[in-house]
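Trainee: Take this structure, written in structure tokens, and hold onto it; I'll ask about it next.
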Amino acid sequence: MTALNYRHLHYFWVVAKEGGFARAADRLGMAVQTISAQVRELERSLGHQLLKPEGRGLVLTEAGQAAFARAEEIFQIGQLVPHEVHEAATQRVVRLSVGLSDGLSKLAAHALLAPVLETPHLRLVCHEGEVDQLLGELALHHLDLVLTDQPAPVNPTLRITSQLLASTSVDWWGPVELIERARRAPGKSFPYNLETLPVLLPTRHASLRAGLERWFEQHHIRPHVVGEFEDSALMSVFAARGLGVFPVSRLGADDLSMMSGLHLLGQTEVVEDVHGIYSRRGQNHPLVATLLAHRRGLTGAALTPASVVDDPAEVEIDS
């Protein structure tokens, strides 16, 4: 098999992104005929047509779409090389890139990252998004670790490992004015006073929301919901300003001390899970290894590596 010419692949990638040879030539500062010839040479070496005319422009064939997808990965990573080389040569930086899924409690995420936050020369980069988007970034090695409220999906094309990092109880907190009013009110104690207190909840895309709704059903509670939030930290801000009471995992409750006026309302048997998803490359990152060794129990206390037993919830997905 003929070795792939990456210069030819780069010309093809630019043509596909620009939508034609003329615009690609302008971007590259080259003659149209030169670029066209190089792309045709790439097609000959691969044995398939990659571009075909349509109207006044060009479109990708099925083979071209496959080639473009790989070229996109290659050259996006390539664009990072000069910056990372310069950074490595001029600074003692320990970089950790973490993806945080939309449904994850951000207060809990901060607590999980705490074991590495004092690392000298740390540069922590956090990205927030949907799980599928973050797993794509993980596959491209743009992220070292993804923290999410659900294990990795079964996908034979991904080479990733999913590990349960924390399983912590969920408590209810709120502004002191609301809690004192609830305690003075006759008749209903926690958790049944959630039917009269204004309640803030995570949106339905969070796994915690499903667990809370099951808990409401078990206790025959119809909560008085006044707000729904994707971000638990934002929810706590609104609660601190008096909007309502809200659930938070015990793991993230320590950060509530930064907000004056919030007090514990009651404790529940609801549990929030946090999973770490990483690739084989990420597993070799020293800070990822440190985080994987600090799993948390139901109380939120750290488990030492020696006390961690094999977890049936861990799923390795490898092609």
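The values are calculated or read from the model by the stated rules, or taken from the named source; none is laboratory data. It should be emphasised that the depicted structure is a prediction, and the values quoted were computed from it without experimental measurement. With ligands, DNA and RNA removed, areas are computed over all heavy atoms of the protein, side chains included. Shrake-Rupley method; radii C 1.70, N 1.55, O 1.52, S 1.80 Å.
Trainee: May I ask you to work out the translational diffusion coefficient for segment 28-109 at 37 °C, viscosity 0.692 mPa s, via Stokes-Einstein with Rh from the Kirkwood sum over Cα pairs, reported in whole µm²/s?
Mentor: The diffusion coefficient I find is 193 µm²/s.
Trainee: What three numbers, in Å, describe the spread of the alpha carbons of segment 172-216 along their principal axes, ordered from the longest?
Mentor: Taking max minus min along each principal axis of the Cα atoms, segment 172-216 gives 35, 19, 12 Å.
Trainee: In addition: More than 21 angstrom separation, counting every C-alpha pair in segment 165-244; what % is that?
Mentor: The share of Cα pairs beyond 21 Å in segment 165-244 comes to 27 percent.
Trainee: Can you work out the accessible area per residue across segment 5-131, with the rest of the protein chains kept in place, probe 1.4 Å, in square angstrom?
Mentor: It amounts to 57 Å² per residue over segment 5-131.
Trainee: Once Rh for segment 192-298 is found with the Kirkwood sum over Cα pairs, what is the Stokes-Einstein diffusion coefficient at 10 °C and 1.306 mPa s, in µm²/s?
Mentor: For these conditions, the coefficient is 101 µm²/s.
Trainee: Could you please state how large a percent of the accessible area of the chain is carbon and sulfur, counting protein chains only and using a 1.4 Å probe?
Mentor: C and S atoms contribute 53 percent here.
Trainee: Can you return the lysines within cross-link range of K52? Criterion is Cα-Cα under 16 Å, with same-chain partners fewer than 8 residues away left out.
Mentor: K17
Trainee: How far, in degrees from 0 to 90, does helix 207-218 lean away from the longest principal axis of the Cα atoms of the chain, to the nearest 10?
Mentor: Taking the Cα atoms of the chain, the angle to 207-218 is about 30 degrees.
Trainee: For segment 1-147, compute Rh as the Kirkwood radius over C-alpha pairs and then the Stokes-Einstein diffusion coefficient at 25 °C and 0.890 mPa s; write the answer in µm²/s, rounded to an integer.
Mentor: 135 µm²/s
Trainee: Give me the base-10 log of I(q)/I(0) for the chain at each q in 0.06, 0.10, 0.14, 0.16 Å⁻¹, Debye formula, one uniform scatterer per Cα, rounded to two decimals.
Mentor: For the chain at q = 0.06, 0.10, 0.14, 0.16 Å⁻¹, log10 I(q)/I(0) is -0.32, -0.73, -1.05, -1.23.
Trainee: Can you give the helix-only mean residue ellipticity at 222 nm for the chain, where every DSSP H stretch with n ≥ 4 adds -39500 (n - 2.57) and the sum goes over all residues, rounded to the nearest 500 deg cm²/dmol?
Mentor: Result for the chain, helices only: -12000 deg cm²/dmol.
Trainee: Within the chain, what percent of beta bridges assigned by DSSP are antiparallel, to the nearest 5?
Mentor: Bridges in the chain are about 60 percent antiparallel.
Trainee: Of all DSSP beta bridges located in segment 152-274, what percent are antiparallel, nearest 5?
Mentor: The antiparallel fraction comes to roughly 70 percent.
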